[in-house]
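Just below is one structure, and these are the notes that go with it.
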Amino acid sequence: MLTTFFVFCLVLGALVGLLAGLLGIGGGLVIVPALVYLLPIAGVEPALVMPVALATSLATIVLTSISAVRAHHKNRNIPWELARQIMLVVAVGALLGAFIADTLSGQTLTYIFATAVSLLAVYMLASIRKPTSRAMPSAFVFQVSGLVTGVMASLMGIAGGAILIPLLSYFGVQMRQSIGVATACGLVVALFGSLGYIITGLEQSALPTWSLGYIYLPALLGISLTSSLFARYGVKLSAKLPVRTLKKGFAVFLILVAIRMAI
């Protein structure tokens, strides 16, 4: 069973990498619902499937986003003065989100994920085509936004770019810099969110072997091995395929997945 599960995770990692390179979407949006269906194969109890999926998703993001942050820093895409304003509160939010998740039932976490993914997918379908420049909010409002982003990203098992990039773009930050800040903050979310899920999961005696807290290591290894490799192929395909149309199709797919998870 474990071998079969590991092979599925290798395939999942390839799909995640391909979609990330092709559509620029975060892996957590794919990893979490996929693991919800795959983890029972590995013997994870139904009540623990959702937190394990969220924790493992965040752990994969830690590994994949390190190189992305380095690349964005090298290309001067990260305005660190802006990023530093919210990195601390994002970290606190991510850690807090993991502890909140530990108090919620798997069904409640599923509903939160499904609802949030549906909203993000609707935004993807009706994305703003013409950027509008607005003044940045006060430091307090900006940091509260970062805190909420950290909590929600941790509860969803994502890096938070799907929340931060539209927010920063709304306030007139250039798209390239918005992506850079979101990538840096995404690493912080994944790191502290994973830490929170490790701490809260240590008290769970029903977790399967090869678990580090709520993180399931075979899934982490399988997804990570292939996701980075296939991301480069996704980038190459993005130059040949109608990405805007594919994004809309993927958004519809996300909504259907969210509905299926909710029911």
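Each row is one residue, and each column tells you yes or no for (1) under 17 Å from the mean Cα position of the chain (by Cα); (2) open to solvent by less than 10 Å² (accessible area, probe 1.4 Å).
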site	(1), (2)
Ile41	no, no
Ala47	no, no
Leu58	yes, yes
Ile61	yes, no
Restricted to the stretch 207-263, and to residues that are of a type in the set (Val, Ile, Thr), in a helix (DSSP H, G or I) and closer than 27 Å to Val7 by Cβ, which residue is modelled with the lowest pLDDT? Val235
If you check Arg232, Arg244, which single one turns out to be of a type in the set (Lys, Arg), open to solvent by 70 Å² or more (accessible area, probe 1.4 Å) and touching a residue at least 12 places away in the same chain (Cβ under 8 Å)? Arg232
Those residues that are under 21 Å from Cys9 (Cβ atoms) and either surrounded by 21 or more Cβ atoms within 10 Å (Cβ to Cβ) or modelled with pLDDT under 95 (or both), I need them from the stretch 193-203; list them, please. Gly193, Ser194, Tyr197, Gly201
Hey, Ala182 hits all of (1) under 28 Å from Gly43 (Cα atoms); (2) free of Cβ contacts under 8 Å to residues at least 60 places away in the same chain; (3) buried (at least 21 other Cβ atoms within 10 Å of the Cβ) but one; which does it fall short on? (1)
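The values are calculated or read from the model by the stated rules, or taken from the named source; none is laboratory data. From a predicted model like this one, the values you see are computed outputs, not experimental measurements. Note: ideal-geometry Cβ built from the backbone for every residue, glycine included; neighbour counts use all protein chains shown. These area figures cover heavy atoms from the full protein model, side chains too; ligands, DNA and RNA do not enter into them. Shrake-Rupley method; radii C 1.70, N 1.55, O 1.52, S 1.80 Å.
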